1. If you check Ala82 against the conditions, is it under 16 Å from Ala257 (Cβ atoms) and of a type in the set (Gly, Ala, Ser)?
2. Do the conditions hold for Cys70, that is, is it surrounded by fewer than 22 Cβ atoms within 10 Å (Cβ to Cβ), in contact (Cβ under 8 Å) with a residue 60 or more places away in the chain and either hydrophobic (A, V, I, L, M, F, W, C) or in contact with a Lys or Arg (Cβ under 7 Å, 6 or more places away or on another chain) (or both)?
3. For region 6-48, give me each residue that is in a loop (DSSP other than H, G, I, E, B) and closer than 17 Å to Val147 by Cβ.
4. Considering each of Arg96, Arg62, Arg52 in turn, give the residue that is part of a loop (DSSP other than H, G, I, E, B), surrounded by fewer than 19 Cβ atoms within 10 Å (Cβ to Cβ) and at positive phi.
5. Which is aliphatic (A, V, I, L, M) and at pLDDT below 95, of Ile269, Ile184, Ile223, Ile237?
6. Suppose we filter Tyr59, Tyr78 for residues that are at pLDDT below 95 and among the hydroxyl-bearing types (Ser, Thr, Tyr); which single one remains?
7. Name every residue in region 114-154 that is surrounded by fewer than 19 Cβ atoms within 10 Å (Cβ to Cβ) and under 13 Å from Asp64 (Cβ atoms), in order of residue number.
8. When residues of region 215-253 are filtered for being in a loop (DSSP other than H, G, I, E, B), polar (S, T, N, Q) and touching a Gly at 6+ places or on another chain (Cβ under 9 Å), how many remain?
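The values are calculated or read from the model by the stated rules, or taken from the named source; none is laboratory data. This is a predicted model, so every value here is computed, not measured. Please note: Cβ atoms are built from the backbone with ideal geometry, for glycine as well, and neighbour counts cover all protein chains shown.
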Amino acid sequence: MENLPISQLREKARKIRKQTLKMIYQAGSGHPGGSLSSIDILVALFFGGAVRYNITDHYDPRRDRFILSCGHVCPAYYAVLAECGLIDKELLLSLRQLGSPLQGHPSHLHLPLMETSTGSLGQGLSVAVGLALAGQRRDENHYIFVVTSDGEHDEGSTWEAAMAASHFRLGHLINIIDRNGMQIGGKTKETMALESLEEKYESFGWETVVVNGHDYNELLQAICHAKDTRHRPTAIIAKTTRGKGVSFMENKKKYHACTLSKREYERAIKEVEVL
């Protein structure tokens, strides 16, 4: 795992934002809003010293497990994997093409280093609970990281998994919630109000931390705290901005999923370059 200083994390994020936009533009479709809001979380995990991985052995039993439950934001995840050296950078522009390993949602069938196929919202946390429980019973010492969206907390399966994680005292399970306040239908508070999300997780028996999801100091401190919490799972509620870094995309319903015009793409790249 890498453990870069904050200045280099910001530079990684800038590079990955540009690559993510390029992938979505080249594909002709994708989900820029959530991809951009989640990038700083992913950068903190994979370049801030949080996630252990093995470039030469994707199935190293000592590795940490990572699940992107909100699979539609996978362009950002693919760009991170390429920057880590886990996939070939030349693959990135094959996003969403027929037969490409980089499908529009992560596919274990197409890209075996994925811990599981995701994108059916509300299931990622359940899979993470299963992995954490298996690791606990085998007395293994790796962590299970899962990134979930706030919108998928409308799903009952998410809360069943949260209840099970607390019951089995899964201290190696860390759920980072991309709390950008929006989902496909618009604002989460208008579709299905979640507040107080912090109190809900606490009532389910989780350790709960609320952070600025674009502040690396806060993210990394929360992850360290989660790793030190041995006897119950941790929910890190990362408050983010959908479309972060591109002014005309930020908090706009249109950019949940869309096709970027050449003009939009070029303007977005210019804004991200000076972020």
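1. Details: under 16 Å from Ala257 (Cβ atoms): no; of a type in the set (Gly, Ala, Ser): yes.
Against the criterion (under 16 Å from Ala257 (Cβ atoms) and of a type in the set (Gly, Ala, Ser)), Ala82 does not qualify.
2. Details: surrounded by fewer than 22 Cβ atoms within 10 Å (Cβ to Cβ): no; in contact (Cβ under 8 Å) with a residue 60 or more places away in the chain: yes; either hydrophobic (A, V, I, L, M, F, W, C) or in contact with a Lys or Arg (Cβ under 7 Å, 6 or more places away or on another chain) (or both): yes.
When the stated conditions are applied, Cys70 does not pass them.
3. His31
4. Details: Arg62 fails: at positive phi; Arg52 fails: at positive phi.
Just a single option satisfies the conditions, and that option is Arg96.
5. On the way: Ile269 fails: at pLDDT below 95; Ile223 fails: at pLDDT below 95; Ile237 fails: at pLDDT below 95.
Sole residue among the options that is aliphatic (A, V, I, L, M) and at pLDDT below 95: Ile184.
6. On the way: Tyr78 fails: at pLDDT below 95.
On inspection, the qualifying residue turns out to be Tyr59.
7. Listed by number, the residues that qualify are Glu140, Asn141, His142.
8. Just the residues of region 215-253 that are in a loop (DSSP other than H, G, I, E, B), to begin with: 215, 229-233, 240-252.
Right, trim to polar (S, T, N, Q) and you get 229, 240-241, 247, 251.
In the following step, the residues that additionally are touching a Gly at 6+ places or on another chain (Cβ under 9 Å) were identified as 229, 240-241, 251.
Matching residues across region 215-253 total 4.
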